[in-house]
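Okay, so here's the structure we're looking at.
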Amino acid sequence: MKHHSRRDILKELGMGAAAFSMGAGNARPAEAVARGSADRGESSASGTVMAIAAHPGDALFTMGAAVARQINAGGKGIFLNLTHGERGNPSISPAEYGAMQVAATDKAARILGAEPAYLSYPDGEVPDNEEARFAVCDAIRQHRPEIIVTHWKGSFHKDHRACYNIVNDAIFYAGLPGIKRKLQAHSVSKLVFAENWEDAEGFRQAIYLDVSDVFERWVRACSAFPMWRGETGFHYDDYYQSLAVARGSLARIGQKDSSRFKYAVALMLPPDYGARRTESLSSPAITGQSTI
Ligand SMILES: [Zn+2]
């Protein structure tokens, strides 16, 4: 069998092992404030990651390990939920289930050392409108994250697609000093998308994060949700734990240190990222595995 380096294989699979660093990248280069030099791939890992999800389960199951990793590295993590996910269990009333989902989110966030936040739009009816964009803009200006992780738009769930649209524009609004709100403008450095079985259309893995050190804690946090164990018909526990093993296997190809990447999560970069950032993507700093 022909020997392939890890990078060769990732290249053939259309992936790259890019860094998820706190360097000066641009989430929306065309619209954000110009930041000058390319991402140098610093990995100080002291910044804030904000996970913005349509439903609490999405936040913890698909974005939680990345947030946990950031906290473990000395940074901060915020879970912003656009709804309480209150219509997710047909056998429990929305009022009761919404309260359960909030309690589970609060508990999970506590386990990870993250901060939960809510916008409380009706589950299934996330409004893809300006009011929601400004509400998320205000949350971004409040928490001032360097990195935002959210839904990819290739979803069969309308709330997820709305969340993608809202977050993209909210990042733009948050960074524009000319948009006067109560809080000062804040430019987000990086936007990435989480791997979610409901958002799989067109999703491309671009970044692998080694989440081995936080895996058990992340599973414990997810376990705060009854739906994690399949109570609403989908075994999130089996799926996302297996996915972490599968992604770890891919990320480990060619790694000398076999203790790394026992578990990994894959993230996607904005589709225009490579086209706009060809130079920095080819630099060693961003093609090597780095910390979040
Ligand atoms: Zn969802």
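Things to note:
- Put in line by how crowded their Cβ is, counting other Cβ atoms within 10 Å and starting with the fewest, K180, K158, K107, K190 read K180, K158, K107, K190.
- Separation of alpha-carbon centers, region 179-233 and region 63-80, rounded to whole Å: 9 Å
- Prolate/oblate/rounded call for region 42-286, Cα gyration tensor, a/c under 1.5 rounded: oblate
- Restraint check, K76/K107; K76/K190; K107/K190, Cα-Cα greater than 22 Å: K107/K190
- Residues Y263, Y164 arranged by fewest to most Cβ contacts within 10 Å: Y164, Y263
Values in this text are rule-based calculations from the coordinates and carry no lab data. This one's a predicted model, so the numbers in the text were calculated from it and none came from an experiment. For neighbour counting, all protein chains shown are included, and Cβ atoms are generated from backbone atoms with ideal geometry for every residue, glycine included.
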